[in-house]
Amino acid sequence: MTNPAAPSTAAREMWPLYAAGFTTAFGAHAVAANLGAFSDDAVKSLLTLGFLLALYDGAEVLLKPVFGTIADRIGARPVLLAGLVGFAVASGLYVVADSPGWLWVARLGQGAAASAFSPSASALVARLNPAAKHGRAFGSYGFYKSIGYTLGPLLGGGLVWLGGFRLLFAVMTVLALAVAGWALLAVPAVPPLPRTRQTVIDLARRVTDPLFLRPTAALAGATAALSVGVGFLPVTGAAAGLGTVATGAAVSVLAATAALVQPRAGRALDAGRITARGGLTVGLLIAATGLGCATLPGIVGVLLAAVLIGIGTGLITPLGFAALAASTPPARLGQTMGTAELGRELGDAGGPLLVAGVATAATLTYGYAALAIVLAAGPVLSLVLAFARRPRV
């Protein structure tokens, strides 16, 4: 008689992928949130800080589609393992060198390595689960990635306080190697599927198809809202006279809400209680409403914004990736996931830039409103067109 509490084979295969998602999120935020910390090896120049922050994301923007395509060609598992080992090597370089100059090399290497194992993990999540369970699988993957984003600044700050960046990079080295070893043992070899020849025109036609553009645009919008919430809600709270504890709690509420909503949204999709298209529309409208609430005064506005942005982004993320997996030929999953991740990175950069630009010309209130309008424009237009197409009685 089998033990019902024992994890299934499929569950054992998925855990290293969840750990890989945690690793890339933790690696991004644990270092980024502490580059300007009060430690002996902290970055003192704002210009240097800006360039170092851009290195990791810049490498991901350029390389994720490339490594996604390679994963389709040789298999996602080898690219996943190579990326995790590369992340460990890049982190270990700084541990050994312990020099400010090597921090640049380490961050660039980490970003390049994450560009390899992040889309590969997403592709494996899709390949190792039947289509009927994609919502649950991507919801769980997003949950653990959100945990990495949430815990990264906190745990990273503690490690930097204890032993500087050298200790933090040592922990990331061990973490990446441990996840690589786990994946080597637990994740099965998933051979690449036969692919038809693809021209540049074929690729352009596929990435401009509404089945790709709609979920990718929603994912970019969700990431933009999340990035703006994490970066600017503390500014709004401080302007309202709130202390760092209150504003930090609001950001934690945002991240925790996004993490908790994702598995539930995925299960609802698999059970047929929601559709991907409907869920993406509702998620964008909720996130836009959250940005609108950020314009309200005091802690009520900040907390409402945090909760609603968290719900919106938590709803969009698993549904967006499940929709992409459903509309993509299995042989092209790596390329699709890599390109979709590129869209998320552009949203991650574009959202704060839009809000900051409008806030510079007017006020932060108008910046929130501008991004809210951008997020709501697509769903509102779709609803108007759907209403207009209704047969008249």
> Hey, among the residues in region 66-89 that are touching a Gly at 6+ places or on another chain (Cβ under 8 Å), open to solvent by less than 50 Å² (accessible area, probe 1.4 Å) and in contact (Cβ under 8 Å) with a residue 60 or more places away in the chain, which one's nearest to ALA224 (Cα to Cα)?
Replying inline: GLY68
>> I want to confirm something. Restricting to region 174-207 and keeping residues that are basic (Lys, Arg) and at pLDDT below 60, which single residue is surrounded by the fewest Cβ atoms within 10 Å (Cβ to Cβ)?
In response: ARG197
>> Given the criteria at pLDDT 75 or above and surrounded by 20 or more Cβ atoms within 10 Å (Cβ to Cβ), does ALA97 qualify?
In response: no
>> Under 8 Å between Cβ atoms, which residue pairs at least 6 apart in sequence (or on different chains) link something in region 122-141 that is at negative phi with a partner that is of a type in the set (Asp, Glu) and in a helix (DSSP H, G or I)?
In response: SER122/GLU341; ALA123/ASP72; LEU128/GLU13; ALA132/ASP270; LYS133/ASP270; HIS134/ASP270; GLY135/ASP270; ARG136/ASP270
> What number of residues within region 307-344 satisfy the criterion of being within 17 Å of the chain's Cα centre (by Cα), within 22 Å of ALA372 (Cα to Cα) and of a type in the set (A, V, I, L, M, F, W, C)?
Replying inline: 7
>> Going by what's in this entry, would GLY92 be described as of a type in the set (Gly, Ala, Ser), surrounded by 19 or more Cβ atoms within 10 Å (Cβ to Cβ) and either modelled with pLDDT of 90 or more or not in a helix (DSSP H, G or I) (or both)?
In response: yes
>> What pairs come out if I take residues in region 213-224 that are touching a residue at least 24 places away in the same chain (Cβ under 8 Å) and pair them with residues that are among the aromatic types (Phe, Trp, Tyr) whose C-beta lies under 8 Å away, six or more apart or interchain?
In response: PRO215/PHE321; LEU219/PHE321
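Within the group GLY357, GLY367, which residue is touching a Gly at 6+ places or on another chain (Cβ under 8 Å) and over 22 Å from ASP57 (Cα atoms)?
GLY367
Results for (1) at positive phi; (2) at pLDDT 75 or above; (3) open to solvent by 20 Å² or more (accessible area, probe 1.4 Å), shown as yes or no for each residue.
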| position | (1), (2), (3) |
| --- | --- |
| PRO16 | no, yes, no |
| GLY21 | no, yes, no |
| ALA30 | no, yes, no |
| ASN34 | no, no, no |
| ALA42 | no, no, no |
| LEU49 | no, no, yes |
| TYR56 | no, yes, no |
| ALA59 | no, yes, no |
| LYS64 | no, yes, no |
> Is it the case that region 307-326 has a residue that's under 30 Å from VAL66 (Cα atoms), at pLDDT below 90 and open to solvent by 20 Å² or more (accessible area, probe 1.4 Å)?
Replying inline: yes
> Does region 278-291 hold any residues that are under 23 Å from LEU242 (Cβ atoms) and open to solvent by less than 30 Å² (accessible area, probe 1.4 Å), and which are they?
Replying inline: ALA287, GLY290, LEU291
> GLY298 versus (1) in contact (Cβ under 8 Å) with a residue 60 or more places away in the chain; (2) under 24 Å from ALA238 (Cα atoms): which is the lone unmet condition?
Replying inline: (1)
> If you go through region 254-277, how many residues are assigned to a helix (DSSP H, G or I) and open to solvent by 30 Å² or more (accessible area, probe 1.4 Å)?
Replying inline: 8
> Among all residue pairs at least 6 apart or on different chains, which show Cβ distances below 7 Å where the first residue, located in region 164-184, is closer than 16 Å to ALA30 by Cβ and the second is open to solvent by 60 Å² or more (accessible area, probe 1.4 Å)?
Replying inline: GLY164/ASP40; ARG166/ASP98
> Hey, any hits in region 153-161 for a residue that's under 18 Å from GLY21 (Cα atoms) and surrounded by fewer than 20 Cβ atoms within 10 Å (Cβ to Cβ)?
Replying inline: yes
> Does any residue of region 329-344 turn out to be over 24 Å from TYR56 (Cα atoms), among the aliphatic types (A, V, I, L, M) and touching a helix residue (DSSP H, G or I) at 6+ places or on another chain (Cβ under 7 Å)?
Replying inline: yes
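The values are calculated or read from the model by the stated rules, or taken from the named source; none is laboratory data. A quick note: this is a predicted structure, and the numbers were derived from the prediction, not measured. Counting neighbours? That spans all protein chains shown, and the Cβs are built from the backbone with ideal geometry, glycine included. These accessible areas exclude ligands, DNA and RNA; they are computed on the full protein's heavy atoms, side chains included. Shrake-Rupley method; radii C 1.70, N 1.55, O 1.52, S 1.80 Å.
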